[in-house]
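Asks: Quick one: structure below, then a few questions.
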Amino acid sequence: MEVVDLAPDILKLEAGIIPKLGNERMQILVRGMCNIIIQLGGVTLIEGIETENQAQDCLGLGLAAPRTGA
C-alpha cells in the first residue's frame, strides 16, 4: 500500500494537544494535517475544548469539536 492509497475520513486529536497549540510549529503541523484530511473529503475533530477562546483557536486551525448531548 502506498500513501496515495490511504483515504482517512476522520482526523481526531486528543485533548492533550490543546495546550500545545500555542506553539507556532504545532499550529503549522495541525493546520497541515487538517488541510490534507479536508481536501480528501474527511472531517477533523478535537476533544477537550473548554473555553470559547480554545474553540476559536481550534476552528482557525481547521478543527471542530465533537458535539455532545442531544
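Asks: Quick one: net charge of G42's neighbours, Cβ under 14 Å, K/R +1, D/E -1? Show your work: numbers first, answer last.
Replies: Working: positive: K12; negative: D9.
After counting each charged neighbour, the total is 0.
Asks: Can you give me the % of accessible surface on the chain that is carbon or sulfur? Probe 1.4 Å, all protein chains present, nothing else counted. Display every interim value, and only then the final one.
Replies: Values: 2870 of 5260 Å².
In the chain, the share of accessible area belonging to carbon and sulfur is 55 percent.
Asks: With every protein chain kept in place and ligands, DNA and RNA left out, what is the accessible area per residue of the chain? Probe 1.4 Å, answer in Å². Show your work: numbers first, answer last.
Replies: Details: 5260 Å² over 70 residues.
Normalised by residue count, the accessible surface of the chain is 75 Å².
Asks: Sticking with this one: Report the charge-dipole magnitude of the chain in Debye, nearest 20, computed about the Cα centre from +1 at each Lys and Arg Cβ and -1 at each Asp and Glu Cβ. Can you show the working numbers first?
Replies: On the way: 5 positive and 9 negative charges, 19 e Å.
In total the dipole reaches around 100 debye.
The values are calculated or read from the model by the stated rules, or taken from the named source; none is laboratory data. What you see is a predicted model, and the numbers here were worked out from it, not measured in a lab. Because the Cβ atoms are built from the backbone with ideal geometry, glycine has one as well, and the counts that use them run over all protein chains shown. Keep in mind that these areas ignore ligands, DNA and RNA; they rest on the heavy atoms of the full protein, side chains included. Shrake-Rupley method; radii C 1.70, N 1.55, O 1.52, S 1.80 Å.
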